[in-house]
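Trainee: I am attaching a structure below and will ask some questions about it afterwards.
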Amino acid sequence: MELVLLRHGKAEEDHPQGDAARELVAKGEKQAVKAAELLRRLERLPDVVITSPRRRALRTAEIFCESAGMPGPVVEPWLDCGMAPETAFAELAAYGGFDRVMIVGHEPDFSSLVSWVLGCGGESGVEVKKGALVAIDCRPPSRGGLLLYALPPAMVAGGRG
């Protein structure tokens with residue numbers, strides 16, 4: 001499977017109802033649109049989009065799907081903040097029938113997942129910034145994979161992100 005990670009776009013710093021309710025700001029919405037446009041141009045759209053239930057990730061996934069002309073995302077509680085790499089891979093095995101799966105989520109979970117899958121160790125220097133895209137060729141639930149690309153937000157946006 002080609003596992004594509006899209007970190008949620010830029011969001012509010014805080015929200016009166018707590019972290020889970022933080023909304024995307026205009027820049028975050030634009031980041032989601034640009035990610036969809038880029039993957040559509042490259043003919044690399046995912047077969048399915050799976051997202052964290054937190055508002056900023058869910059909205060990123062919804063905007064991505066709308067912009068890509070795809071069905072809406074699947075919400076998975078295991079993608080919430082604090083996701084363990086081992087849990088993610090065990091859960092992703094259920095999506096093994098898809099060639100390309102996108103997950104939308106959070107830091108530091110995504111950098112931990114990339115480091116774990118690639119066997120980079122704890123302090124690998126991996127950071128998945130808001131609006132960034134990372135793709136790994138992998139076979140969940142088996143650990144290991146090949147990094148296909150890691151695009152920072154500015155490259156996804158086609159210039160200054």
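The values are calculated or read from the model by the stated rules, or taken from the named source; none is laboratory data. It should be emphasised that the depicted structure is a prediction, and the values quoted were computed from it without experimental measurement. Cβ coordinates were reconstructed from backbone atoms using ideal geometry, including for glycine residues, and neighbour counts include every protein chain displayed.
Trainee: Taking the criterion of being assigned to a helix (DSSP H, G or I), of a type in the set (Gly, Ala, Ser), more than 13 Å from the chain's Cα centre (by Cα) and buried (at least 17 other Cβ atoms within 10 Å of the Cβ), would at least one residue in the stretch 31-45 satisfy it?
Mentor: no
Trainee: Inspect all residues belonging to the stretch 21-30 and state whether any of them is of a type outside the set (Ser, Thr, Tyr), within 14 Å of Cys65 (Cα to Cα) and crowded, with 16+ Cβ neighbours inside 10 Å.
Mentor: Start the filter on the stretch 21-30 by keeping residues that are of a type outside the set (Ser, Thr, Tyr), which leaves 21-30.
Going one step further and asking which of them are within 14 Å of Cys65 (Cα to Cα), we end up with 29-30.
Applying the additional criterion that residues be crowded, with 16+ Cβ neighbours inside 10 Å yields 29-30.
Yes - at least one qualifying residue is present in the stretch 21-30.
Trainee: Report, ordered by the first and then the second residue, all pairs with beta carbons closer than 7 Å, sequence separation of six or more or different chains, a first member in the stretch 1-23 that is small (Gly, Ala, Ser), and a second member that is buried (at least 21 other Cβ atoms within 10 Å of the Cβ) and assigned to a strand (DSSP E or B).
Mentor: Close Cβ pairs (under 7 Å, with a partner that is buried (at least 21 other Cβ atoms within 10 Å of the Cβ) and assigned to a strand (DSSP E or B)) amount to Gly9/Leu24; Ala11/Leu24.
Trainee: Here's another thing I want to ask about it. From the list Glu91, Glu66, pick out the single residue that is surrounded by 16 or more Cβ atoms within 10 Å (Cβ to Cβ), part of a helix (DSSP H, G or I) and at pLDDT 95 or above. Spell out the reasoning first.
Mentor: Numbers: Glu66 fails: surrounded by 16 or more Cβ atoms within 10 Å (Cβ to Cβ).
Every option except Glu91 fails the conditions.
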